[in-house]
Amino acid sequence: MSELSPRDFYDDLAPDYHLMFPDWDASIERQARVIDQLLGPSLGAGPHRVLDCACGIGTQAIGLALRGHTVIGSDLSAVAAARAVAQAAARDTHLPAAAADMRRLPFRSSVFDVVLCADNSLAHLLSARDLDAALLAMRRVLRDDGLLVISVRAYEEARRTRPGVTPLQVCDTPEGQAITFQLWHWHEDGEHYDFEHVQLVPAEGTWSVRVRRTTSWALTRRELTEFVAQAGFTDIAWHPPATSGFHQPVLTARRPRSCSAPSRADGTHEP
């Protein structure tokens, strides 16, 4: 299959990204509320300095800014980051955002209370080397005792069954219903898959079919826990959707006050 890089994929998807949500503004509010509830027990009420290092068009970053946090966004896609800035301004809030690779974050060390990486963005890092680089970059920009927040797909069942298609996502638009789904093509290793992100968008009584392609790494929660611990984070905890209210499992972890050499020990505990 012909592949696009993640940057090309999200540059092309950015104008249509909101069509994956039945109500994007409702999702902005709900997701920020849930993330806020995860921050409180570790950091207090805030406001906090938050880096959303995979901000996309601003789904989490805008909501957190509207809740009073000081948020900076970055994303591999300059087109998505620019839309995040514009959408925040349209909602009377301020969100500076820039194009940046999460493996090489262009921010000073120890400046953020929170680093957020949501919506399965880590899955676009296809090797242990790239994932290590991203996690170490996130640790570097966090202050001592700062909080890492990551959300990913729950891949355990998918790794076993290798599904070929995702459930439909439907969004009502003034022209009619827009439909989004993905077609997955698994690699022989059973861990990586190419996918076609398909959107059917109503247009003048017919459909505009928009297909984007890229690749993901279906990391399990156990595997991601090991990478996060190896990068030197502690107090690693998983928050499942049933208890957090978020649409994906969420990992939280701390940058320790004295950041010693990374350990391979698994520091997981249940929240």
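The values are calculated or read from the model by the stated rules, or taken from the named source; none is laboratory data. Owing to the predicted nature of the structure, the values given are computational and were not obtained by experimental measurement. Cβ: placed from backbone, ideal geometry, glycine included. Neighbour counts: every protein chain shown. The accessibility values were calculated without ligands, DNA or RNA, using every heavy atom of the protein model including side chains. Shrake-Rupley method; radii C 1.70, N 1.55, O 1.52, S 1.80 Å.
Go through (1) under 23 Å from LEU19 (Cβ atoms); (2) of a type outside the set (Phe, Trp, Tyr); (3) buried (at least 16 other Cβ atoms within 10 Å of the Cβ) one by one and return the number of the condition VAL149 breaks.
VAL149 satisfies every listed condition except (1).
Which residue is farthest from the chain's Cα centre (by Cα), if the candidates are limited to the range 117-170 and must be of a type in the set (Val, Ile, Thr) and over 19 Å from SER216 (Cβ atoms)?
Step one: filter the range 117-170 for residues of a type in the set (Val, Ile, Thr), giving 141, 149-150, 152, 161, 165-166, 170.
Narrowing further to those that are over 19 Å from SER216 (Cβ atoms): 141, 149, 170.
Working: VAL141: 17, VAL149: 9, VAL170: 20 Å.
If we take residues in the range 117-170 being of a type in the set (Val, Ile, Thr) and over 19 Å from SER216 (Cβ atoms), then VAL170 is farthest from the chain's Cα centre (by Cα).
Given ALA134, ALA154, which one is open to solvent by 10 Å² or more (accessible area, probe 1.4 Å), under 30 Å from SER74 (Cβ atoms) and not charged (D, E, K, R)?
On the way: ALA134 fails: open to solvent by 10 Å² or more (accessible area, probe 1.4 Å).
The match here is ALA154.
Could we say that ARG264 is in a strand (DSSP E or B) and either open to solvent by 50 Å² or more (accessible area, probe 1.4 Å) or modelled with pLDDT under 95 (or both) here? Write out each step before concluding.
Working: in a strand (DSSP E or B): no; either open to solvent by 50 Å² or more (accessible area, probe 1.4 Å) or modelled with pLDDT under 95 (or both): yes.
Judged against the criteria, ARG264 is not a match.
Residues in the range 235-254 that are touching a helix residue (DSSP H, G or I) at 6+ places or on another chain (Cβ under 7 Å), assigned to a helix (DSSP H, G or I) and either closer than 17 Å to ASP113 by Cβ or of a type in the set (A, V, I, L, M) (or both): how many?
Here the count works out to 0.
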